[in-house]
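Beneath this line is the structure, given in structure tokens, with notes to follow.
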Amino acid sequence: MGILKLFLTLSLLSIAPTGHADFACSSNTTNCEALIDYVTPNATTLSKLKTFFGVKSLRSILGVNNLPVSTSGSHAVSAQETVRIPFSCICTNGTGKSNKRPIYTVVSGDSLYYIANTVFAGLVTVADIGAANQIQNVSLIVPGQKLWIPLPCSCDKVNGQTVVHYGHVVASGSSVAQIAQEYGSTVQTLLTLNNMSDPSKLLAGQVFDVPLKACSSSVNSSSDDYPLLVGNGTYVVTANDCVLCNCSSTNNYTLDCQPSELKPSSSKWSTCPSTLCTGSSLNIGNSTSTNCNTTTCSYAGYTNQSILTALEVTTNQTCSASSPGSSPSNQASKIHLGGWISALILAFIHSFVLYFQHFW
């Protein structure tokens with residue numbers, strides 16, 4: 001086994017993926033959610049990936065990959081299949097790294113080259129692992145040694161907008177323009193974010209920082225899941241698995257939450273608490289319209305005791321655009337009235353002139 005790994009290591013030195021430049025992370029937010037692509041070297045399952053990367057919940061993986069919430073952990077993942085992995089990011093000294101996860105345990109025959117380029121498919125470099133674990137000699141690691149694998153990430157806003165940073169592994173034949181179009185960004189934003197000046201320098205296998213616009217929400221600061229950042233094209237199951245929230249550009253980047261119909265994951269809840277908005281007959285995700293206003297029951301977070309809700313009222317644009325006295329029908333009435341007044345004045349003047357001509 002050791003000889004095989006040595007052979008693979010030597011081979012990979014010439015064909016190793018391009019890896020990444022550090023993702024800039026100067027945000028005051030010291031902890032945020034991020035995503036990264038993992039191109040699986042071997043066939044596996046979602047449960048094994050969950051354990052391998054130290055992801056707390058299988059549904060976290062389902063949500064960022066937009067897989068059905070009913071998908072089981074035994075779901076097969078083929079070799080060379082790309083799976084998005086969610087993880088927690090921290091900002092340190094101007095760069096972002098995964099927050100002390102995943103942790104890899106060295107086995108006999110491993111080298112840092114093999115771990116970086118094969119086990120973690122080029123998401124990190126030997127230098128990354130060495131620096132994160134304060135390894136003086138990167139050629140010396142021992143079986144049983146536990147290594148923090150510092151995945152690249154960021155918590156920074158982009159163009160003033162809150163985003164979820166996605167470490168996208170560039171596919172062969174892809175371009176910056178194609179990536180920008182697919183993920184709702186611009187070429188210039190991606191070039192600036194990735195410290196590139198020439199889009200033709202994009203390489204297959206490169207870990208590319210792509211900002212996914214996060215949906216706005218009503219979740220308040222007292223909630224256990226605040227801030228709830230959900231990137232475009234993904235969903236999360238929150239409130240102890242009782243609420244499912246989707247983020248989509250088709251919903252004007254406003255978080256769309258509904259009761260999940262799942263069993264609660266917390267032992268404190270035998271059933272999911274009420275999702276009814278106080279003072280209404282609306283549940284989370286329901287809305288009603290009267291005259292010019294639409295009232296929606298929105299998800300506002302959760303505590304150990306309950307699910308928080310908020311009633312939100314919006315005014316339809318067609319109503320706000322028009323006001324009494326400015327409608328076409330009112331304007332027409334004014335014009336019509338003005339015509340009758342003019343006619344009466346002209347008739348009076350005509351009669352006055354005829355009267356004096358008669359006596360002249």
Picked from segment 161-179 (must be of a type in the set (A, V, I, L, M, F, W, C) and in contact with an Asp or Glu (Cβ under 7 Å, 6 or more places away or on another chain)), the residue nearest to residue 199 (Cα to Cα) is 169
Those strands (runs of 3 or more DSSP E) completely within segment 44-161 that have 1 or more residues that are in contact with a Lys or Arg (Cβ under 7 Å, 6 or more places away or on another chain) and touching a residue at least 24 places away in the same chain (Cβ under 8 Å) are 82-92, 103-105, 146-148
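Quick grid of which residues meet (1) farther than 21 Å from residue 69 by Cα; (2) touching a helix residue (DSSP H, G or I) at 6+ places or on another chain (Cβ under 8 Å); (3) of a type in the set (Ser, Thr, Tyr):
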{"position": "195", "(1), (2), (3)": "yes, no, no"}
{"position": "206", "(1), (2), (3)": "yes, no, no"}
{"position": "227", "(1), (2), (3)": "yes, no, no"}
{"position": "249", "(1), (2), (3)": "no, no, yes"}
{"position": "256", "(1), (2), (3)": "no, no, no"}
{"position": "261", "(1), (2), (3)": "no, no, no"}
{"position": "265", "(1), (2), (3)": "no, no, yes"}
{"position": "290", "(1), (2), (3)": "yes, no, yes"}
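Among 240, 232, 220, which is the only one that is surrounded by fewer than 14 Cβ atoms within 10 Å (Cβ to Cβ), in contact (Cβ under 8 Å) with a residue 40 or more places away in the chain and closer than 22 Å to residue 31 by Cα? Explain how you work it out, then say what you get.
Values: 240 fails: surrounded by fewer than 14 Cβ atoms within 10 Å (Cβ to Cβ); 232 fails: surrounded by fewer than 14 Cβ atoms within 10 Å (Cβ to Cβ).
Only one candidate passes the filter, namely 220.
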Sole miss for residue 164 among (1) hydrophobic (A, V, I, L, M, F, W, C); (2) within 19 Å of the chain's Cα centre (by Cα); (3) part of a loop (DSSP other than H, G, I, E, B) is condition (3)
Of the residues in segment 167-205, those that are in contact (Cβ under 8 Å) with a residue 12 or more places away in the chain, in a helix (DSSP H, G or I) and among the aliphatic types (A, V, I, L, M) come to 176, 177, 179, 187, 190, 191, 193
Within segment 63-83, the count of residues that are polar (S, T, N, Q) and surrounded by 14 or more Cβ atoms within 10 Å (Cβ to Cβ) comes to 3
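Only the coordinates and a few stated rules stand behind these numbers; no lab work does. This is a predicted model, so every value here is computed, not measured. Cβ atoms come from the backbone with ideal geometry, glycine included; neighbour counts cover every protein chain shown.
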